[in-house]
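See structure below.
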Amino acid sequence: MPPLSNSNMTEVQSDWQERCARRKRVQTESIPPEWIIELPPKSQLNVMDVPRKCGLLSILELEITESDVPVILDMLRWAQWSSVQVTTAFYKRAIIAHQLTNCLTEIFVERALARAKELDEHLAKTGNVVGPLHGLPISLKDQFTMKGLETIMGYAKWIGNYADSDCVLVEILYECGAVPFVRTNVPQTLMWGETMNHVFGRTLNPYNLAFTPGGSSGGEGALVAMKGSPLGVGTDIGGSLRIPSAFCGLYTLRPSYGRLPYSGAVNALEGQESISSVLGPMANSLSGVKIFTKAILDAQPWLLDPLVVRKGWAEDEYRLIHHGGGDKLCFAIMWDNGVVKPHPPLHRAMVLTKKALEAVGHEVIEWEPHRHLEIYKNAETIFAADGGHDYRAQCEGFEPLIQTMSPTTDSHENALDEPLVKGLVGEPYHRTAYELWQLHAEKRELRKSHLDHWRATKSRTSTGRPVDAIIAPAVAYTAVPHGLNTDSFYTTLCNALDYACSVFPVTFVDPEVDDPHPPHRFYNHEDEHIYKLYNSDLFPGCPVALQLIGGTQEEEAVIGMTEIVVGALDKMNEEHRKS
């Protein structure tokens, strides 16, 4: 991104707060005044029911926004609902979500509705849909450039940075008939598991406004959780899709490097390609995740993005041809990664999942962690290899670099001032090219070692195959108060090893059953901190989600296996209700 001219530098240095405030006012003015709602009292922390009760949405608009993606697409395809109706309904609900959680950045109502009108006219004239996502509103994390719109990505420096072209993903979404309609908030630098920046402010979790929705795709997490978007697109380099999805009770897919098109999107740590950022869908149903992934792959994205693997949607892999056809699978549960022990609700979710899978005939064994701390240290050292130069370069002379996500520094009694990762990496300094190469070589060796370890599980399964997938927490806890999200290794493990994986919701925190576990022998000071953070009365009603980990480039199989897990859980829950 080009810097401002020297003549403007002094103004920004002395007036960065006003610069950010002006841009926030522009955002507020882009909201139609008739869509402003009366906010609930500040004492109401769970705002999930506000869209149904605030009176802004009609009965039809509630039906539209509370329908799953396949239903919406069918209604659009058969002209039972128009794209203008659907886009308007989701826009109104997105604006409700924004007023409650501060989840949006770009709001471009007229532009989106004009696109929806074009699609309706095409369908009426030809009788044919434009593509597999015809008329569907889709929200985008504030990294995906759209021609003529600002892409600020949480940096004051980038205010006024208008894109002169669409990124490849947006090109393909248009080709598929979609209606991009809002963009969503991110943290400054992107490299936080929470969502706050000086330009747009902090995004809140709709299940508890005092809690974080996670990050860096936290704006998407809050928006999609409130059904303000039927399908959102985020990115993930260390858990940025999976952490918000877990905290907000959503489904997502973290694909392997180069499976989905990233070209033209902006990013932090540009040029760092040892552990690549990837994009993926976020939705309230697994069917939405599948529909998005298949639509993008069927569009042959490798023709527009040279880094995309030339591999279209593989239906046989989705049908688990390499996993016994899905008739009997063997899953491994990672009860504990050997770095941080998960909170009681996560343990209960894993117990429930194990019981559900065994009840329908699948095998479940215990996963034995393999060199996890080495993998964690290697990944985090790669991320910090520039000594923080990228972050400072984007902020210096424009705004302060955010050092904590706490509402005010050290405001929490339980704040962790020295996260484990900081101790592993040590004081930041620029690695030489040679030192970085050695980290890359170490990462290759760790990936091979872990693959061998996985394949060796063949001796412990009854299927004649290695473990088909690993089930683990996505994070060691559910959503936490702002400033307290420190754990990312359950997710970063998959980024470092480039495993395709999903997140799926299992249950909610229940203080009646999720009693604190007795103290254990702590692995490190962060493990001790996280243990002490848990209090069942603090988290009631928070979503509890797990992660399913498959092999590299196994996106279709991961979706297929996640469907099996979710189906088993649904069956168990249905039998429980009947009894």
Label segment 358-490 by shape, choosing from rounded, prolate and oblate, from the square roots a ≥ b ≥ c of the eigenvalues of the Cα gyration tensor; if a/c is under 1.5 it is rounded, and otherwise prolate applies when a/b is larger than b/c, oblate when it is not.
-> oblate
Computed FRET efficiency, Cβ-Cβ of Ser165 and Glu121, R0 41 Å: what is it to the nearest 0.05?
-> 0.95
Decide, for segment 317-578, between rounded, prolate and oblate: order the square roots of the alpha carbon gyration tensor eigenvalues as a ≥ b ≥ c, take rounded if a/c falls under 1.5, and otherwise choose prolate if a/b is larger than b/c, else oblate.
-> oblate
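Please identify the DSSP H helices in the chain that span no less than 20 Å along the helix axis (Cα) and have a mean Kyte-Doolittle hydropathy of -1.0 or more. The partial results should precede the final answer.
Working: long enough: 6-29 (30 Å, -1.78); 83-101 (26 Å, 0.35); 109-126 (26 Å, -0.66); 344-359 (22 Å, 0.00); 433-455 (33 Å, -1.46); 555-578 (34 Å, -0.36).
Span-like helices in the chain: 83-101, 109-126, 344-359, 555-578.
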Charge context of Glu171, other residues only, Cβ under 14 angstrom, K/R +1, D/E -1 = -2
Have a look at Leu241, Asn524, Trp158 and report the one farthest towards the positive end of the charge dipole of the chain, computed about the Cα centre with Cβ charges (Lys/Arg +1, Asp/Glu -1).
-> Leu241
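What percent does the relative contact order of segment 317-578 come to when contacts are Cα pairs within less than 8 Å and at least six residues apart?
Values: 393 pairs, mean separation 83.9, N = 262.
With pairs under 8 Å counted, the relative contact order is 32 percent.
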With the dipole of the chain worked out from charges on the C-beta (+1 for Lys and Arg, -1 for Asp and Glu) around the Cα centre, which of Ile375, Thr65, Thr491 lies farthest toward the positive end?
-> Thr65
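Tell me the net charge near Arg25. Cut-off is 13 Å between Cβ atoms, Arg25 excluded, with +1 for each Lys or Arg and -1 for each Asp or Glu.
Local charge sum for Arg25: +2.
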Could you give the C-alpha radius of gyration of the chain expressed as a fraction of 2.2 N^0.38 Å, taking N as the number of residues it contains?
-> 0.92
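Mind ranking 432-442, 292-302 by how tightly packed they are, going by the mean number of other C-beta atoms within 10 angstrom, highest first?
With the highest mean Cβ count within 10 Å placed first, the list reads 292-302, 432-442.
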For Lys24, the aspartates and glutamates lying under 16 Å Cα to Cα, once residues fewer than eight places off in the same chain are dropped, come out as Asp15, Glu106, Asp142, Glu150, Glu399
So what's the back-of-envelope 222 nm ellipticity for the chain, counting only DSSP H runs of four-plus at -39500 (n - 2.57) apiece and dividing by all residues, rounded to 500?
-> -12000 deg cm²/dmol
Under a Cβ-Cβ cut-off of 9 Å, what is the net charge of the residues other than Leu140 that fall near it, where Lys and Arg count +1 and Asp and Glu count -1?
-> -1
Just in segment 483-565: which GluC sites (Glu not before Pro) are loop by DSSP and have at most 11 other Cβ atoms within 10 Å?
-> Glu512
What is the extension gain from Glu34 to His525, computed as 0.36 nm multiplied by their sequence separation minus the C-alpha to C-alpha distance, in nm to one decimal?
-> 171.7 nm
Note on segment 317-578, DSSP bridge orientation, antiparallel percent to nearest 5 equals 65 percent
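Going by how many other Cβ atoms sit within 10 Å of their own, how do Ile549, Ile470, Ile172 line up, fewest first?
Working: Ile549 28, Ile470 20, Ile172 25.
By the 10 Å Cβ count, ascending, the order reads Ile470, Ile172, Ile549.
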Treat each spin label as a single point 7 Å out from the Cα along the C-beta direction, and report the Arg455 to Ser263 distance in nm.
-> 3.3 nm
Under the 7 Å Cα-to-Cβ spin-label approximation, Lys328 and Asn128 lie apart by a distance in nanometres of 4.8 nm
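With a cut-off of 8 Å between alpha carbons and a minimum separation of six or more residues, what is the relative contact order of segment 204-320 in percent? All intermediate terms of the calculation are to be shown ahead of the outcome.
On the way: 199 pairs, mean separation 28.3, N = 117.
Rounded, it is 24 percent for segment 204-320.
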Quick one: dipole size for segment 58-312, taken about the Cα centre, charges +1 on Lys/Arg Cβ and -1 on Asp/Glu Cβ, in debye to the nearest 20.
-> 300 debye
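So what is the relative contact order of the chain, in percent, for Cα pairs below 8 Å that sit 6 or more residues apart? Don't jump to the answer; show the numbers that get you there.
Numbers: 1221 pairs, mean separation 90.2, N = 579.
Across the chain, relative contact order equals 16 percent.
Structure shown: which of Lys311/Lys341; Lys92/Lys571; Lys532/Lys578; Lys147/Lys227 lie over 28 Å apart, alpha-carbon to alpha-carbon? Mind dumping the intermediate values first?
Working: Lys311/Lys341 37 Å; Lys92/Lys571 35 Å; Lys532/Lys578 38 Å; Lys147/Lys227 26 Å.
Violating the 28 Å limit, Cα to Cα: Lys311/Lys341; Lys92/Lys571; Lys532/Lys578.
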Hey, quick one: spin label on Val309, modelled 7 Å out along Cα-Cβ, who in segment 531-560 has an amide N within reach, i.e. under 14 Å?
-> 550-559
Assuming a ≥ b ≥ c are the square roots of the Cα gyration tensor eigenvalues, decide whether segment 87-126 counts as rounded (a/c under 1.5), prolate (otherwise, with a/b larger than b/c) or oblate.
-> prolate
Return the FRET efficiency for the residue pair Lys355, Asp15: r is the Cβ-Cβ distance, R0 is 60 Å, and the value is rounded to the nearest 0.05.
-> 0.50
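Suppose R0 equals 56 Å. What FRET efficiency, 1/(1 + (r/R0)^6) with r the Cβ-Cβ distance, do Glu368 and Lys53 give to the nearest 0.05? Numbers along the way, then the final one.
Details: r = 49 Å, r/R0 = 0.87.
Here the calculated transfer efficiency is 0.70.
Dipole magnitude of segment 36-176 about its Cα centre, charges +1 at Lys/Arg Cβ and -1 at Asp/Glu Cβ only, in debye to the nearest 20?
Working: 13 positive and 18 negative charges, 60 e Å.
Result for segment 36-176 is approximately 280 debye, rounded to the nearest 20.
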Mind checking the dipole of segment 214-333: about its Cα centre, +1 per Lys or Arg Cβ, -1 per Asp or Glu Cβ, Debye to the nearest 20?
-> 260 debye
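Values in this text are rule-based calculations from the coordinates and carry no lab data. What you are looking at is a predicted structure, and each value in this text was computed from that prediction instead of being measured. Cβ: placed from backbone, ideal geometry, glycine included. Neighbour counts: every protein chain shown.
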